[in-house]
Amino acid sequence: MREVSVENAGINEFEHIRENIRDLIKYIPIDHTKYETNFDDEILSIEWKEADLENDDLKNYKAKAEFYVRQHQDQTVIAN
């Protein structure tokens, strides 16, 4: 496995990270504690290229995300 820095990561690397984190979530104890955060993200660039928006990886991810949200509408984090 090759190392990829976050600065050079693409959608496939982030998808891999997301899947691994999702597998670890089952080990977090459920205590119904609510955490509120206020993080500010630095915007590095707002330039979009049509090719970036039209690839199948992004469409598949969007479909997965929309399906997940529909299936979990009763969860506090989604309902609010």
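The values are calculated or read from the model by the stated rules, or taken from the named source; none is laboratory data. Keep in mind that this is a model prediction, so the values were computed, not measured. Neighbour counts run over all protein chains shown; Cβ positions are idealised from the backbone, glycine included.
When residues in segment 6-45 are screened for being closer than 14 Å to Tyr61 by Cα and either more than 17 Å from the chain's Cα centre (by Cα) or assigned to a loop (DSSP other than H, G, I, E, B) (or both), 1 of them pass.
Where residues in segment 18-62 are more than 20 Å from Val77 (Cβ to Cβ) and surrounded by 10 or more Cβ atoms within 10 Å (Cβ to Cβ), which of them is modelled with the lowest pLDDT? That would be Asp52.
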